[in-house]
Amino acid sequence: MTTYAVTGASGQLGRKIVHALLDLHLSPFDVIALARDTDKVEDLAALGVRTRVADYDQPETLEAALEGVDRLVLVSGSEVGKRAAQHQAVIAAAEKAGVQRIAYTSILKADTSTLGLAPEHVSTEQALAASSIETVLLRNSWYTENYTAQIPGYLERGAIIGAAGDAALSTATRDDFAEAAAAAITADDVKPVYELAGTTFTFPELATAISAATGKDVAYTNVTVEELTAGMVAAGMDEGTAGFWASIDASIAQGDLYTESTDLAELIGREPTSLDAAIKAAL
Ligand SMILES: NC(=O)c1ccc[n+]([C@@H]2O[C@H](COP(=O)([O-])OP(=O)(O)OC[C@H]3O[C@@H](n4cnc5c(N)ncnc54)[C@H](OP(=O)(O)O)[C@@H]3O)[C@@H](O)[C@H]2O)c1
């Protein structure tokens, strides 16, 4: 039997990947949910899944966590700035434990992206390439939920304010990314790199789609990156965080989150969730 493990199983995507593996009718005993706090994955333990402590900052937990694991989904961490070292610690522990395949959640077009988040993913991709482990890069684009979760705010303001103009971006839901990760870690044959996204839209189209779904007027207002940053600072965000989020729109404007790849549909064997369906689900 093949033993699978998923890091970050206490997070939104990791938890869905564990569920997606169970949906493939794997025995729960063959799936290990890894989290730095296993209290947070008790719901998964209740399904029969094994749970183990794996803290990216504590290498000794990683070696124990990966004992007997054949295939690992490495969900990228959430502590920006620390992640390259954290992921390298996981890869080193995986090599020692004899893990045979790692599927890593990277970022769309990591090798050319201007996103500030990309260098940590590139560094992890390089560490994986230098390892002896078979590697599958799941280059996930933005979550559709990054926008659908903001619908209440959009409706309150009657506006989406951004700095990406009418540039197109491609997104997918966490459910679809999770299904793709489960497919990639369990498949016999995989590609080394998947560029993953499911639906493509512009911010003006997002506003139109939300208006149509809610019957309320939402318009897109384009501003400069500096104006977007200032607006978020005025709303109470610190300057660094505001600048970080606004810079994402600059990268979207450059096409960094746009792809015509059909890898996601191929991996999950169906059409990915459309923007309209994701909006309806969020409402
Ligand atoms: N594509 C996108 O739009 C997008 C957006 C945001 C993030 N991401 C990336 O995708 C990842 C998964 O997304 P998500 O929505 O599931 O994020 P999330 O809900 O914030 O989950 C992050 C997971 O990482 C775990 N983690 C953080 N630091 C850790 C450490 N030192 N050791 C072990 N585990 C650690 C968290 O554990 P705790 O529960 O203990 O905190 C949590 O399980 C994120 O971590 C980030 O790298 C992608």
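The values are calculated or read from the model by the stated rules, or taken from the named source; none is laboratory data. These numbers come from a predicted model, not from an experiment. In this analysis, Cβ positions are derived from the backbone assuming ideal geometry, glycine residues included, and neighbour counts consider all displayed protein chains.
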> Regarding Ala54, is this residue more than 10 Å from the ligand (Cβ to nearest atom), at negative phi and of a type in the set (Gly, Ala, Ser)?
Replying inline: no
> Which residue pairs have Cβ atoms closer than 6 Å, lie 6 or more positions apart in sequence or on different chains, and pair a first residue in segment 68-83 that is within 18 Å of Ser10 (Cα to Cα) with a second residue that is assigned to a loop (DSSP other than H, G, I, E, B) and away from the ligand (no atom under 12 Å from the Cβ)?
Replying inline: Leu72/Val99
> So which of Glu179, Glu227, Glu205 ends up being more than 23 Å from Ile279 (Cα to Cα) and either assigned to a helix (DSSP H, G or I) or of a type in the set (Val, Ile, Thr) (or both)?
Replying inline: Glu227
>> Restricting to segment 87-114, name every residue that is of a type in the set (A, V, I, L, M, F, W, C) and either in contact with a His (Cβ under 7 Å, 6 or more places away or on another chain) or modelled with pLDDT under 95 (or both).
In response: Ile107, Ala110
>> Could you check segment 42-88 and list, in sequence order, the residues that are farther than 21 Å from Ala129 by Cα and among the β-branched types (Val, Ile, Thr)?
In response: Val49, Thr51, Val53, Thr61, Val80
> Restricting to segment 154-176, what's the tally of residues that are among the small types (Gly, Ala, Ser) and either within 16 Å of the ligand (Cβ to nearest atom) or not in a loop (DSSP other than H, G, I, E, B) (or both)?
Replying inline: 6
>> So for segment 49-67 (the condition being in contact (Cβ under 8 Å) with a residue 40 or more places away in the chain and closer than 18 Å to Leu137 by Cα), does at least one residue qualify?
In response: no
> Hey, any hits in segment 64-82 for a residue that's of a type in the set (Lys, Arg) and within 11 Å of the ligand (Cβ to nearest atom)?
Replying inline: yes
> Can you tell which of Thr144, Thr112, Thr135 is within 16 Å of Ile185 (Cβ to Cβ) and either β-branched (Val, Ile, Thr) or within 10 Å of the ligand (Cβ to nearest atom) (or both)?
Replying inline: Thr135
> Taking into account only those residues within segment 1-41 that are within 18 Å of the chain's Cα centre (by Cα) and part of a strand (DSSP E or B), which is farthest from the ligand (Cβ to nearest atom)?
Replying inline: Ala5
> Which one of Thr208, Thr200, Thr144, Thr214 is modelled with pLDDT of 95 or more and surrounded by 18 or more Cβ atoms within 10 Å (Cβ to Cβ)?
Replying inline: Thr144
